[in-house]
Amino acid sequence: MSFTTAALLSFLWSTVKYLIGVGMAVAGFHNPVYGWVFTSAGAFVGVCLFTYSEYWIEGYLKKLRKNKKRFSKTKRRLVWLRLHGGLPLIALLTPLILSIPVGTLLCTTFIQEKHKIILWQSISIAFWGTLIFGSMALFDVNIVQYLHR
């Protein structure tokens, strides 16, 4: 895989699903710094894009929904999540477990300040990127090398 192909794929996949972008970066780059830069930049662009478009998407989805029960299991879980972790917990879970669009949608249901959503999501992306690519650089681990045996 060429450098530009790996850069483009890791950037674009990271805008939607961070771990797939990390996988592309691990497979395409020999230097973990490039992987960190392209996946973090892609995830940051995805967070900004979906944070500013989620209000439109959320309004569109509200028009499609019919009136449902006031207290459902989903609403109770959202209340529990807000009380026990809120925005920092969702931001921490977004890159690995949730996808970028789902994580930002959940964040926009909790808080209206877009800059706080972008700040917490960016901190989380930088944390996970540093943890993944930093451990690869620090321990000199090349996952692709083990797969080709």
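Give the residue from 119, 87, 1 lying farthest towards the positive end of the charge dipole for the chain; charges sit on Cβ (+1 for Lys and Arg, -1 for Asp and Glu) and the dipole is referred to the Cα centre. Value computed over the given set: 87. Helix 3-16 and the longest principal axis of the C-alpha atoms of the chain enclose an angle of approximately 20°. Measuring gaps between exposed loop sites in the chain (chymotrypsin sites (Phe, Trp or Tyr not before Pro); DSSP loop; at most 16 other Cβ atoms within 10 Å), the longest gap, sites not included, is 1-70. Inter-part distance, the stretch 124-138 to the stretch 1-63, computed on C-alpha centroids, equals 15 Å.
With an 8 Å cut-off on Cα pairs and a minimum separation of 6 or more residues, tell me the relative contact order of the chain in percent. For the chain, the relative contact order is 28 percent. Just how many % of Cα pairs in the stretch 3-147 lie over 27 Å apart, if you round to the nearest whole percent? Cα-Cα pairs of the stretch 3-147 separated by over 27 Å account for 29 percent. On a 0 to 90 degree scale, rounded to 10, what angle separates helix 32-64 from the longest Cα axis of the chain? Tilt of helix 32-64: around 20 degrees. Here 76, 82 are placed in order of increasing Cβ neighbour count within 10 Å, fewest first, which gives 76, 82.
Rule-based calculations on the coordinates, nothing more; no lab input. Fair warning: this is a prediction, and the values are worked out from it, not measured in the lab. No Cβ is skipped: glycine too gets one built from the backbone with ideal geometry, and neighbour counts run over all protein chains shown.
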